[in-house]
1. Between MET118 and ASP94, what is the label-point separation in nm under the 7 Å Cα-to-beta-carbon projection?
2. If you put +1 on each Lys and Arg Cβ and -1 on each Asp and Glu Cβ, how big is the dipole of segment 2-101 around its Cα centre, in Debye rounded to 20?
3. Compute the length gained on full extension between HIS177 and ASP265: take 0.36 nm times their separation in residues and subtract their Cα-Cα distance, giving the result in nm to one decimal.
4. Which value, in debye to the nearest 20, gives the size of the charge dipole of segment 43-86 about its Cα centre, when Lys and Arg are +1 and Asp and Glu are -1 at the Cβ?
5. With a 1.4 Å probe and all protein chains left in place, how much of the accessible area of segment 124-280 comes from carbon and sulfur atoms, in whole percent?
6. Could you tell me which residue out of THR50, GLY29, GLY60 lies farthest along the dipole of segment 1-78 toward its positive end? Charges go on the beta carbon: Lys and Arg +1, Asp and Glu -1, centred on the Cα centre.
7. Once whole DSSP H runs in the chain are found, which of them have Cα atoms spread over 18 Å or more along the helix axis and a mean Kyte-Doolittle score of at least 1.6?
8. So if I take the alpha carbon set of the chain, get Rg, then get Rh from the Kirkwood formula, what is the Rg over Rh ratio?
Amino acid sequence: MKKVAVINDLSGFGRCSLTAALPVLAAMGTQPVPLPTALLSAQTGYPNYTYLDLTDQMDGIRRAWQGMDAQFDGISTGFVADPAQFAQLNAFLDAFQREDTLVLVDPVMGDGGRAFGMFSPDLLDGMKGLCRRGTLLVPNLTECCLLTGWDYAALTAHQGEPDYTERVTACGEALRHPGQTVVITGVQVPGEGGKPAVGNLALWDGGAFFLAQPYNGKSYSGTGDLFAAALLGALLRGETVPQAVERAERFLSAAIAAAAKEGTDRNDGVPYEAFLGMLL
């Protein structure tokens, strides 16, 4: 069974980060091995939460796994709580990244054209370096613009134009290095009948793929983590990039539709548990 090191925070409430990624990867036939970077009572969208930084534990965990001669087929990184964690992440990759290791980097820094509160120049510099080491990058459009220096407002001003996805493609290619796959998530475009749609644009050497679904205007905690985990799991079992994107998108769309039907609060995340069978 393939093993995936999942390096992310552990939040009790919010269906995100490790609590989202671990069941998805397990359902898809891999053994997820968590390395928690922080422990939170609930994800940071809630009005109150506790936070315990685990940066000083990451080195010991890595060394213990090296002592076990651990090997990983995939490595996934997500929310970086402190720029000091980049040294630990790079040390982990130095120890465990092989030529055939699939390394997913989710550069969590912002959304909707705005950087998150923890954003800083040091975080951006560290994330740029980490992205250069990844084989699979899954930024949203805001994060892709931050990483490339593109102007988000100027780019999205063309959202309703026929060549908009070509412009987004150019932004993604400015981020992508040879051999990398970049999947820009949450790209909003006009759908059938002028209704809004949202999709994911995948770029790789010699290929591109865009798939969109109707957009209900809802945003929920953890959807990016769920999509990234499903994408990684599908690629690890040999699916092509378009197949992996389509599978992850269908799974996430079903969970979002259920959350909207139930009136779920955005902070609580989506009821993905009922749809894990779609990933088998």
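1. The modelled label-to-label distance comes out at 2.3 nm.
2. Values: 6 positive and 10 negative charges, 62 e Å.
In debye, rounded to 20, segment 2-101 gives about 300.
3. Numbers: separation 88, 0.36 × 88 = 31.68 nm, distance 3.81 nm.
Net length gain for the segment: 27.9 nm.
4. Values: 2 positive and 6 negative charges, 8 e Å.
Roughly 40 debye, rounded to the nearest 20.
5. Details: 3500 of 6730 Å².
Heavy-atom surface of segment 124-280 belonging to carbon and sulfur, 1.4 Å probe: 52 percent.
6. So the residue we want is GLY29.
7. Answer set is 223-236.
8. Values: Rg = 17.7 Å, Rh = 18.9 Å.
With Rh from the inverse mean 1/r over Cα pairs, Rg/Rh is 0.94.
The values are calculated or read from the model by the stated rules, or taken from the named source; none is laboratory data. Computed from a predicted model, the values in this text were never measured in an experiment. FYI the Cβ positions are ideal-geometry reconstructions off the backbone, even for glycines, and counts take in every protein chain you see. Protein only, heavy atoms only, side chains kept; ligands, DNA and RNA dropped before computing areas. Shrake-Rupley method; radii C 1.70, N 1.55, O 1.52, S 1.80 Å.
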